[in-house]
Amino acid sequence: MNTSYASYTIEDFIADDYFIQSVKHPTPDSEAYWANVIKEYPHLNENIHRAKLGVEQLSVAAKHEVPFHETPAIWSQIAEELEEPPKRIVEIVLNFWKPALAAASVIIALGLGWGWYKSVPKGKYDQLISAAKSPLEEVVNTTSTNLTVNMPDGSHAILKPESKLSYTKSFTGNIREVYLSGEAFFDVIKNPSKPFFVYANGLITKVLGTSFWVKAYEEDKQVTVLVKTGRVSVFAQKNTQNPDPETNGLVLTPNQQVVFGKADERLTRKLIERPVILLSPQELKQFSFTNASVTDIFAALEKAYGVDIVIDEELMANCTLTTTLSNETLFEKLDIICEALEATYKVVDAQVIITSKGCN
């Protein structure tokens with residue numbers, strides 16, 4: 001339960017992204033969540049009820065246009081009302097929704113400036129760093145080569161040319177936060193009690209300690225995160241007002257990447273173009289197979305590359321091969337195996353799906 005709701009005013013609820021989403025697009029989960037908030041804080045019942053009415057009317061207003069000649073009078077009247085105590089704001093909304101609410105909604109946003117602005121997800125780098133709560137250290141790579149950035153906790157980033165990185169100067173508090181525009185490789189010192197967050201053009205990457213790439217140029221339509229070691233959690237910044245935003249995201253492991261579309265805010269998980277072997281040379285020597293079951297071979301490939309390979313074990317129970325895990329790439333090795341078995345494969349959501357007619 002978000003304890004900050006205990007002191008929420010009507011205006012706070014109207015400016016809360018998750019509350020707005022719950023009113024406009026209610027679900028059983030969101031209704032249960034707000035019922036629990038009221039149960040925990042009974043004094044909020046009236047504020048939540050009135051804020052819900054305000055959001056509903058603002059939603060209606062957004063669908064109507066106000067005649068241009070009526071706008072000055074509406075703005076003038078609303079401006080006068082806004083000089084009264086904040087509790088009048090929702091009443092103002094309700095008074096002007098017929099047909100003036102479209103303009104009133106703009107005034108309400110301006111009148112609530114501080115709350116409304118903070119609740120609106122900010123994707124661009126300059127907006128993010130301007131809203132940061134702690135002093136930031138900014139590094140801009142104006143050179144033609146990579147630039148190493150050492151951060152306060154011992155983590156470091158390799159910043160690509162024409163990229164910018166800002167981070168809190170001391171990493172005090174419960175989290176470590178950095179802001180990226182461009183492209184960088186991060187090698188993060190493990191600290192389970194203080195997660196590391198990278199904010200990059202609408203996408204948030206959360207890690208405890210791992211290494212990964214983030215590509216997030218302002219002009220690009222997509223943001224990409226690729227994992228080298230460990231696990232990362234990625235989710236759209238718009239979900240940060242939800243009780244648990246990570247539930248709307250994806251968890252990535254080595255050799256996986258996610259592509260985030262800025263326009264539709266969709267997350268798509270894929271395998272990286274050239275998955276790398278995750279085993280040491282000594283471990284790799286153990287994977288040599290002579291007339292072995294292909295189920296064992298595919299299991300070895302899964303371990304070597306950290307990739308899920310889906311097969312019909314019953315159908316392929318009689319299939320055997322002689323092979324080793326040599327220097328071929330994962331997809332080259334899959335090509336060889338599938339050609340020998342007269343099988344095919346495809347990659348779906350970072351999994352390799354093997355299709356075969358079986359073996360006699």
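Things to note:
- Of the strands (runs of 3 or more DSSP E) lying entirely inside the stretch 245-287, the ones with 2 or more residues being of a type in the set (A, V, I, L, M) and farther than 25 Å from Lys333 by Cβ are found at 250-252.
- Here the stretch 322-342 is the region considered, the condition is being free of Cβ contacts under 8 Å to residues at least 24 places away in the same chain and part of a loop (DSSP other than H, G, I, E, B), and the residue that is farthest from Phe289 (Cα to Cα) is Glu342.
- Residue count for the stretch 252-264, restricted to those that are open to solvent by 60 Å² or more (accessible area, probe 1.4 Å) and modelled with pLDDT of 90 or more: 0
- One residue stands out among those in the stretch 298-321 that are of a type in the set (A, V, I, L, M) and part of a strand (DSSP E or B): the one that is farthest from Ile272 (Cα to Cα), which is Leu321.
- Out of Ala304, Ala350, one residue alone is modelled with pLDDT under 90, touching a strand residue (DSSP E or B) at 6+ places or on another chain (Cβ under 6 Å) and open to solvent by less than 30 Å² (accessible area, probe 1.4 Å). It is Ala350.
- All positions within the stretch 123-176 that are touching a residue at least 60 places away in the same chain (Cβ under 8 Å) and open to solvent by less than 50 Å² (accessible area, probe 1.4 Å): Gly123, Tyr125, Leu128
- Counted residues, the stretch 265-276 - those being open to solvent by less than 60 Å² (accessible area, probe 1.4 Å) and either under 23 Å from Leu301 (Cα atoms) or not aliphatic (A, V, I, L, M) (or both): 5
- Conditions (1) buried (at least 17 other Cβ atoms within 10 Å of the Cβ); (2) closer than 22 Å to Thr148 by Cβ: number failed by Asn201: (2)
- Highlighted here are the strands (runs of 3 or more DSSP E) found entirely within the stretch 155-209 that include at least 3 residues which are under 20 Å from the mean Cα position of the chain (by Cα): 164-168, 176-187, 196-200, 203-207.
- Members of the stretch 195-222 that are small (Gly, Ala, Ser) and closer than 13 Å to Gln237 by Cβ: Ala200, Gly202, Ala216
The values are calculated or read from the model by the stated rules, or taken from the named source; none is laboratory data. None of these values were measured; they are calculated from a predicted model. No Cβ is skipped: glycine too gets one built from the backbone with ideal geometry, and neighbour counts run over all protein chains shown. Remember, those area values only see protein heavy atoms, side chains included, never the ligands or the DNA or RNA. Shrake-Rupley method; radii C 1.70, N 1.55, O 1.52, S 1.80 Å.
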